[in-house]
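Read the structure below first, then the notes.
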Amino acid sequence: MWPKMTNNNYSPNFSLPKRKRNKIKFIIIHYTGMKKETAAIKRLCNPATKVSSHYFIKKNGEILNLIPDLYEAWHAGKSKWKNYNSLNKYSIGIEIHNSGHNYFCENYSSNQIRSLKILLKKLIKNYKVKKKNILGHSDISPDRKKDPGEKFPWKDLSKYKLANWHSLEEKILRKNRKIKLTRFEENQLLNNLFKIGYDKLKSQNYDSKKRILLKAFQRRYRQNLINGLADQECLLISKNLIK
């Protein structure tokens, strides 16, 4: 059953002209990071904020279509994935209401996830988006963003071919957790992350950026331990993902 969708809320925060359909390569998932749902919708529709998204999923599962798909919404900001910069140009943005890390960072509601699955299936079909290109804001902007956060059910979405996930058993992963890497293995892990799509580290503030990058990876693929430290578990996951 298709969830309730409305076009009653309109955001003027988008770029002209219209895009060609084949320019849409990615779907980026966000949380609002605000306490009140009404305030979050108002912010995305306020021209003064210069932020927006194509879709907004309320706590009850209702979907608001704020901007038509073929216009570039302002949701990703400064971002990079593989050879793509400024992903607003190539993506559809979905905001899901959740208070985020600055407040409670509660679990997403079952209605929200049900609606998201239906919406993703529709968008994937319409624009032939690959599941590896369904990303979180923290994947494409790890130095700025944490959303949709470690409570977002990437693994569950992967069961419906709506997101990437590894195929490793939990007991194997736990066995390798917190086992330190050699310098060679750590470099191998980082190179794997770059192959997956994460932005390469710059020489300036290298150690700090490395920790931020690892946290983004863990927030996506190892959600029960986000410490920014390289270990054998992370290396195994990265190897599995690039197969």
What do you reckon, is S138 part of a helix (DSSP H, G or I) and in the same structural domain as H101 (by TED's automatic domain parsing)?
yes
Quick one: I41 ticks every box in (1) touching a strand residue (DSSP E or B) at 6+ places or on another chain (Cβ under 8 Å); (2) in contact (Cβ under 8 Å) with a residue 40 or more places away in the chain except a single one, so which number is it?
(2)
Going through the range 152-172 in order, the residues found to be in a loop (DSSP other than H, G, I, E, B) and surrounded by 15 or more Cβ atoms within 10 Å (Cβ to Cβ) are F152, P153, L162, A163, N164, W165, H166, L168
So, in the range 109-127, exactly how many residues are in contact (Cβ under 8 Å) with a residue 24 or more places away in the chain and charged (D, E, K, R)?
3
Quick one: count up the residues across the range 187-223 that are among the polar types (S, T, N, Q), assigned to a loop (DSSP other than H, G, I, E, B) and either modelled with pLDDT of 95 or more or touching a Lys or Arg at 6+ places or on another chain (Cβ under 9 Å) (or both).
1
Only one residue in K159, K121 is charged (D, E, K, R) and under 25 Å from Q218 (Cβ atoms), so which one is that?
K159
In the range 21-72, residues that are on the phi > 0 side of the Ramachandran plot and in contact with a Gly (Cβ under 7 Å, 6 or more places away or on another chain) total 1
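The values are calculated or read from the model by the stated rules, or taken from the named source; none is laboratory data. All of these numbers come straight from a predicted model, not from anything done at the bench. No Cβ is skipped: glycine too gets one built from the backbone with ideal geometry, and neighbour counts run over all protein chains shown.
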